[in-house]
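Derivation of every value follows stated rules applied to the coordinates shown; laboratory data play no part. Note that the coordinates shown come from a computational prediction; the quantities given were computed from them, not determined experimentally. Using ideal geometry, Cβ is built from the backbone for each residue, glycine included, and neighbour counts are taken over all protein chains shown.
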Amino acid sequence: MLTIPGPTHRYCDGIPRRGFLKIGGFAFGSLASLSLPQILQAQAANGSKSSHKAVINIFLGGGPPHQDMWDIKTDAPKEIRGEFDPIKTSVPGIEIGEVFPRIAALADKCVFIRSVTGSVDAHDAYQSLSGWPRNSIASVGGRPCIGSVVSKLQGPVDKAVPPSVALADRTQHVPWSEPGASGFLGAAFQPFKPQGQGMEDLRLNGVTLDRLGDRRQLLSGLDLLKREVDATGMLTGMDAFADAAFGVLTSSKLVDALDLSKEDPKIVARYGDGKPYKYQYDGAPTCNEHLLMARRLVEVGVRSVTLSYGRWDSHGANFDLVRDHGSKLDQCVSALIEDLDVRGMLNDTTIAVWGEFGRTPRINAQAGRDHWPQVSCALLAGGGMRTGQVIGATNRLGEYAKDRPVPLQEIIATIYHNLGIDPMHTALSDPTGRPQFLVDHRSPMPEVV
C-alpha cells in the first residue's frame with residue numbers, strides 16, 4: 001500500500017494526519033522501505049526502448065508429467081505408458097497427448113522440447129524464472145530472475161507501467177507463486193506483484209485524484225523535512241522520479257489491463273476461466289484468466305509477465321489431474337497464441353510453458369507419478385522463433401534424454417535472446433564488483449533462433 005505518515009491534527013474531511021494515508025499500491029518517500037520513485041530511478045538507467053519484446057512465463061508448479069503431455073510413449077509397457085494416446089498435429093510427423101487438441105492444431109506455431117535437463121528436485125519456481133537454483137551465489141544476494149534483468153537492462157516501455165509483473169496469487173506452498181527474485185540487483189528491480197485479486201495494489205481505495213493531489217502537499221512537506229534530516233544528499237534529484245511514481249499511481253493503464261470487464265466478452269470466453277478449480281490443494285488455481293491478463297499487460301508495455309498455473313504434483317490420480325489441468329491449459333494457451341498472433345504481437349512475445357521437473361516413468365500404486373528431475377519438457381511459442389518442430393527425445397521409457405539434451409539454462413538463454421538481450425556477452429556486476437553472466441550455458445537454442 002501507499003503509506004504517507006502524517007502529523008497529529010485532522011483534515012476537514014476527517015482523515016487523520018497522524019497515522020497513515022494508504023492509497024494504491026506504491027510507497028512515496030518511505031524511510032523504512034524502497035519507494036516507487038527509487039525503483040523508477042534505478043530502472044531509468046540503460047533504458048533502451050526502441051522495441052518492445054516480451055515474455056509470458058507460465059509456470060506449471062509441481063512438475064508436469066512429460067510422458068502424458070508432449071512425449072507419449074506408445075511403445076512402453078502399460079506400467080509406464082499411461083492412459084493417454086497421441087494425436088496428430090498441424091505439423092506432419094509431430095504428435096502430442098490427446099488432452100491438447102487445440103494446441104495440436106497450432107503446432108506450427110509451437111516448439112515442443114522433450115529433453116529438458118539440469119533441473120533440481122525442489123518444488124520451486126526459481127529455476128524456471130531465472131535459470132539457476134535458489135542457493136546460487138546466495139552470499140551476495142542470489143541470482144536475479146528474467147523480469148529483474150529486463151528491468152535493469154531495458155527499463156520500462158512506458159513510465160506508467162512496470163517492466164515486470166507477476167500475476168500469481170500467493171499459494172500455501174509459497175515457492176510455487178513467488179514472482180521471481182531480484183537477487184543481487186536489489187529490491188529496486190523486483191517484479192511488481194498485484195495483491196489479492198490483482199487489483200488492490202492499483203486502486204485508489206476511494207480517494208479521488210483531487211484529494212490525492214491535496215495529499216501531495218503533505219508529501220512535499222515531508223520531503224522538505226527529510227531533506228533537512230538527510231545530510232548525505234541522497235534525496236537530491238528524486239523529484240522527477242517522484243513525479244513518475246505519482247503518474248503510475250494515477251494512471252489507468254495497469255488497472256485497465258487487469259480489468260477483464262473491459263475486454264471483448266467473446267475473447268474472455270475463448271480463454272475460459274479454468275473453473276472449477278480442482279486438485280489445487282497448496283498450489284495455484286487453474287486461472288485461465290491470468291493468461292488473458294498477461295496479454296493485456298504486454299499490450300500496455302510490460303516486458304515480463306510470470307504466472308503460476310495449476311498444481312501438477314501428481315503423486316496420486318495423475319491421469320485425472322492431467323485431464324482436468326491439461327484440458328484447461330489447452331484452452332487458455334491456444335487462446336493466448338491465437339490472440340497474440342491476430343494482434344501482430346506473437347513474433348515479439350515469447351511464451352514459455354514448463355515446470356520445475358518431470359515425473360517418474362513408472363506409475364505408482366496410487367495411479368500417480370513421482371518426482372523425476374532427470375528429464376522434463378517445455379512448450380515454447382512466438383518470440384520470432386522457428387516453430388513447428390520438436391527438439392530432443394527421451395528413450396523408450398521416458399527415463400532420460402536420448403537425443404539432443406536441452407539444458408534448462410539454454411531455454412533461459414533463448415528467452416533472453418528473444419527479448420533482445422545477448423546472453424553470450426551480457427554480464428551484471430554483483431555487490432562485490434564481480435561480473436555475473438546471466439546464465440552459464442549462454443548460447444540460445446540454435447534450432448529456433
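Miscellaneous remarks
- When both the stretch 309-382 and the stretch 122-199 are represented by their alpha-carbon centers, they are found 21 Å apart.
- By average C-beta atoms within 10 angstrom, highest first, the peptides 422-432, 65-75, 117-127, 386-396: 65-75, 117-127, 386-396, 422-432
- Taking max minus min of the alpha-carbon positions on each principal axis, the stretch 297-339 gives extents of 41, 19, 8 Å, largest first.
- For THR360, the residues whose modelled amide H falls within less than 5 Å of its own, excluding neighbours fewer than 5 places apart on the same chain, are ASP370, HIS371, TRP372.
- Extending 7 Å from the Cα toward the beta-carbon at both VAL120 and ALA105 defines two label points whose distance is 4.2 nm.
- Here the residues VAL91, VAL116, VAL174, ranked from fewest to most Cβ neighbours within 10 Å of their Cβ, fall in the order VAL174, VAL91, VAL116.
- Taking all C-alpha pairs of the stretch 156-197, those more than 14 Å from each other amount to 54 percent.
- Estimated FRET transfer efficiency (VAL174, ILE87; beta-carbon r; R0 30 Å; 0.05): 0.25
- 27 Å tail of the calculated P(r), the stretch 246-401, as % of Cα pairs: 33 percent
- Looking at the stretch 383-449, the pairs of alpha carbons with a distance over 13 Å make up 68% of the total.
- For the stretch 90-156, the spread of Cα positions along the three principal axes, ordered from largest to smallest, is 49, 34, 17 Å.
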